[in-house]
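Engineer: The structure that follows is given in the form of structure tokens.
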Ligand SMILES: O=C(O)CCC(=O)C(=O)O
Ligand SMILES: [Fe+2]
């Protein structure tokens, strides 16, 4: 096992954990070099300096890379570069993942996540905006207080990320609060586009913390953890993560099956799921009638996510 009891307690309490030195400097340098090639076709500093000199350099895709292919290269796992794809084989890393999940793991999704300081726009205009959970990337069930369908996301730091390099802002303990916070946000008009409109109105939440870490670290965080992106204060740097999401094997039928819905299928599947029967939904791993997932609160949140679904059969 790679996490100490104290680290595991910290993950359970805070909903996230930064584990240093899971990967060696040499592994990270090779992975970063491969990632730079995919996004810029050259080392990042060279691309940055050419951009600054006004040369015609190709632009790099803006961060969000759960899509398979960009004009530059493939960002969805496997990307075809062993220095990146082999990161998933690290046994200490997989042990830590399963300890956070509390169960054997099942793959959901892995991809490269780049934010490039000189061109980055992947943050909200104001610091109190943009707070959200990543849960719906791989699971189309809203958060529940019992945590049954939550899973774990992870970013591996291919280089040091310091305060001015746009570390993700995470809210300690918010994974325990997400269902209640969203329920209240919907009730008070403070939810929009999957995010809380104004963090200042969610007074029950703790203050956000920057997830700075050194090269070779991994940030594990619950899919229920409320977090946000912030702008780069230093626009000369980039932030390059190799990311992996995994769920518990005991609910992977639904949690990972939700993932392909992202890639064009979601538009078809969401309306179908809205109208089909509870029995058919269960064929796809959706919790059946009588399942402990259903509470007054999750049914309220489901009504927000699927406004036209008949939820009567699920009422406890
Ligand atoms: O880039 C970050 O710091 C966070 C981005 C994020 O939360 C997301 O893409 O879901
Ligand atoms: Fe996010």
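FYI, it's all coordinate maths here, none of it is from the lab. Since we're looking at a predicted model, the values are computed, not measured. In this analysis, Cβ positions are derived from the backbone assuming ideal geometry, glycine residues included, and neighbour counts consider all displayed protein chains.
Engineer: Could you calculate the FRET efficiency of residue 13 with residue 188 from 1/(1 + (r/R0)^6), where r is the beta carbon distance between them and R0 is 30 Å, rounded to 0.05?
Structural biologist: The pair residue 13/residue 188 has a calculated efficiency of 0.65.
Engineer: Let me ask something else. Assuming 0.36 nm per residue, please report the length gained on full extension of the stretch residue 268 to residue 203 beyond their Cα-Cα distance. If you can, show how the numbers build up before the last one.
Structural biologist: Numbers: separation 65, 0.36 × 65 = 23.40 nm, distance 3.73 nm.
That pair, residue 268 and residue 203, stretches by 19.7 nm at full extension.
Engineer: Using R₀ = 30 Å, calculate the FRET efficiency as 1/(1 + (r/R₀)^6) where r is the Cβ-Cβ separation of residue 24 and residue 55; round to 0.05.
Structural biologist: 0.30
Engineer: Ranking request for peptides 149-155, 10-16, 220-226: highest mean number of other beta-carbon atoms within 10 Å first, then the rest in descending order.
Structural biologist: My ranking of the peptides, most packed first, is 220-226, 149-155, 10-16.
Engineer: Using 1/(1 + (r/R0)^6) with R0 = 25 angstrom and r between the beta carbons of residue 283 and residue 304, what's the FRET efficiency to the nearest 0.05?
Structural biologist: 0.55
Engineer: Related question: Between segment 1-49 and segment 267-301, what is the separation of their alpha carbon centroids in Å?
Structural biologist: Between the Cα centres of segment 1-49 and segment 267-301 lies a distance of 36 Å.
Engineer: With each run of n ≥ 4 DSSP H residues scored as -39500 (n - 2.57), what mean residue ellipticity at 222 nm is computed for the chain after dividing by its residue count and rounding to the nearest 500 deg cm²/dmol?
Structural biologist: -8500 deg cm²/dmol
Engineer: Separation between the residue 275 and residue 4 pseudo-spin-labels, each 7 Å from Cα along Cα→Cβ, expressed in nm?
Structural biologist: 5.7
Engineer: Can you sort 276, 255 from fewest to most other Cβ atoms within 10 Å of each residue's own Cβ?
Structural biologist: 276, 255
Engineer: Find how much the distance from residue 235 to residue 146 grows on full extension, using 0.36 nm per residue of separation minus their present alpha carbon separation; answer in nm with one decimal.
Structural biologist: Using 0.36 nm per residue and subtracting the Cα-Cα distance, I get 28.0 nm.
Engineer: Using the 10 angstrom Cβ neighbour count as an exposure proxy, how do 309, 35 rank, fewest first?
Structural biologist: Values: 309 17, 35 26.
By the 10 Å Cβ count, ascending: 309, 35.
Engineer: Right, another one. Angle, helix 266-275 long axis vs. longest principal axis of the chain, Cα atoms, 0 to 90°, nearest 10?
Structural biologist: Between the helix axis and the principal axis of the chain, the angle is about 10 degrees.
Engineer: Follow-up question, since we're still on this one. Between residue 92 and residue 164, what length in nm is gained on full extension when 0.36 nm per residue of separation is reduced by their alpha carbon distance?
Structural biologist: That pair, residue 92 and residue 164, stretches by 23.0 nm at full extension.
Engineer: Under a GNM of the chain (C-alpha, springs under 10 Å), which listed residue has the highest mean-square fluctuation: 132, 175, 291?
Structural biologist: Maximum among the listed residues: 291.
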